[in-house]
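*Asks:* The following block contains the structure, expressed as structure tokens.
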Amino acid sequence: MAASTTATTRDPGGANPPHHSPVIGWLAVVAVMLGIFSVVTTEILPIGLLTKIGASFTISDGMAGLMMTLPGFLAAIAAPVVTVATARIDRRLMLCAFMVLLAAANFLAAAAPDYWLVLLSRVIVGIVIGGFWSIGASLAERLVPASSVSRATAVIFSAVPLGSVLGVPAGTFIGDLAGWRTAFVAMGGLTAGVLIMLLIVTPPLPPQRTTRLGVLRGMLHRVATRFALLLTVLVVLAHFGTYTYVTPFLEQVTDAGSGLITVFLLIYGVAGILGNFLGGSLVARHPRATFGTAAGMIAAATLLLPVLGQWKAGAVALLIVWGVAYGAVPVSSQTWFTKASPDSPEAASVMFTASFQATISLGALTGGVVVDASSPSTVMTLGGMTAVLMVIAVWVQYTRRLTWPDNA
């Protein structure tokens, strides 16, 4: 691979600021945000439908969990590979191509007569996750004036918590009303709508800069990046190793019906949105405290669920705590990676995406093995212990007085 630098190529004509109207620019920002919302929601849609899909194909909860394992694994590979492989292709064209693939994946899952076709659709989803996120996350500066870039970036990133915390209850609600296949049809329709919006409002976006693989390798030599990677792996492993199987837990331990589970997950989602805004407002000033507190709350919720989750009031109270905590996790993780590599924001975004998605895959796979071998309660306990390890790692980072390159 060539030198470990970020190559920069100017737009034809040498103009970097957007030439379109501010209204068109903001509509494009919203289109990108909706694209990421569709991607995130599609990825986690099976969580609330896990038992229904498993029953349709007569497979175990752990085997059904492969629907979460495959996208994360493929996204972790696709994030750096797509970033490098599509370096010379217009970003608008790539975003639209990924939306076509995502719509096709959703419709394939909805029509699949066999489970292996559902898994094939999830492979496609994984490629879209890694590619669309790596490209879309850094487009704000090309769509709006410089004075509005921070706000536009916040709008784009808001798709992550919104998709993460609303996708599961929305999918569960549709699945209860009309079946799990209808939920995938609905997502396919939403994705098609986003594709049309991208085509209409997004201007041509010829590539400006490319993050080479050498930049990513160089990041791993930094202690700050390795700590960001460690913390992200631990907390995401704890969360998705347990949350992927929250529906079986609520069915088997809490003895909640499908309608009540939908309500519980919706409450969790609202709490997650609150956690996102709280985390986003605190993490820049208190990165250690915010990330560590979020992990501690996840640990408390999952460790107490096997005990207090036997009662519906206890389960919903702990889901609120869990939702607030996880809402702060993506923004905290992204912030740590950005602080670790302030000179390479695009590379930091790729590293965040790859590590987050790989751990989603690992968490869902590990949780599936445990739930098939024991019970959903055991999954919760092991996940809580993993979150405790993350809190300890934050404490170690603080006591060793480790900091970031910008001394933040």
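*Asks:* What Rg and what Dmax come out for the range 19-210 when only alpha-carbon atoms are used, in angstroms?
*Replies:* Expressed in Å, the Cα Rg and Dmax of the range 19-210 come to 16.8, 55.
*Asks:* In nm, what is the difference between 0.36 nm times the number of residues separating ALA97 and ALA85 and their Cα-Cα distance?
*Replies:* Result for the pair: 2.9 nm of gain on full extension.
*Asks:* Related question: Quick check on the range 347-405: what does the Kirkwood estimate of hydrodynamic radius come out to from the alpha carbon pairs, in Å?
*Replies:* Its Kirkwood hydrodynamic radius stands at 13.6 Å.
*Asks:* I've got another one for you. Starting from one equal scatterer on each C-alpha and no solvent at all, send me the Debye-based log10 I(q)/I(0) for the chain at q = 0.06, 0.08, 0.09, 0.13 Å⁻¹, two decimals.
*Replies:* Results for the chain at q = 0.06, 0.08, 0.09, 0.13 Å⁻¹ read -0.22, -0.40, -0.50, -1.08.
*Asks:* Report the extension gain between TRP116 and LEU177 in nm, rounded to one decimal, defined as 0.36 nm multiplied by the number of residues separating them, less their alpha carbon distance.
*Replies:* Using 0.36 nm per residue and subtracting the Cα-Cα distance, I get 19.4 nm.
*Asks:* For a quick protection proxy, order the peptides 166-177, 354-365, 104-115 by their average other-Cβ count within 10 Å, most packed first.
*Replies:* 354-365, 166-177, 104-115
*Asks:* In percent, what relative contact order does the chain have, based on Cα pairs under 8 Å that are 6 or more apart in sequence?
*Replies:* Relative CO of the chain lands at 26 percent.
*Asks:* Then there is this: What number do you get for the range 284-408 when its Cα radius of gyration is normalised by 2.2 N^0.38 Å, N = residues?
*Replies:* 1.17
*Asks:* Another one. Which value at 222 nm does the chain reach when only helices count, each DSSP H run of 4 or more adding -39,500 (n - 2.57), with the total divided by all residues and rounded to the nearest 500 deg cm²/dmol?
*Replies:* About -26500 deg cm²/dmol.
*Asks:* Could you compute the FRET efficiency for GLN252 and ILE77, with r as their C-beta to C-beta distance and R0 at 22 Å, rounded to 0.05?
*Replies:* According to the calculation, E is roughly 0.05.
*Asks:* Still on this structure: Which net charge results when you count Lys and Arg as +1 and Asp and Glu as -1 among the other residues whose beta-carbon is under 13 Å from that of SER375?
*Replies:* Net of charged neighbours comes to -3.
*Asks:* Measure nothing but the geometry: give the 0 to 90° angle between the long axis through the Cα atoms of 345-373 and the longest principal axis through the Cα atoms of the chain, rounded to 10°.
*Replies:* 20
*Asks:* In what sequence do ARG88, ARG122, ARG142 fall when counting other Cβ within 10 Å, fewest first?
*Replies:* Result, fewest neighbours first: ARG88, ARG142, ARG122.
A short reminder: the numbers here are calculations on the coordinates, not readings from a lab. Since we're looking at a predicted model, the values are computed, not measured. Using ideal geometry, Cβ is built from the backbone for each residue, glycine included, and neighbour counts are taken over all protein chains shown.
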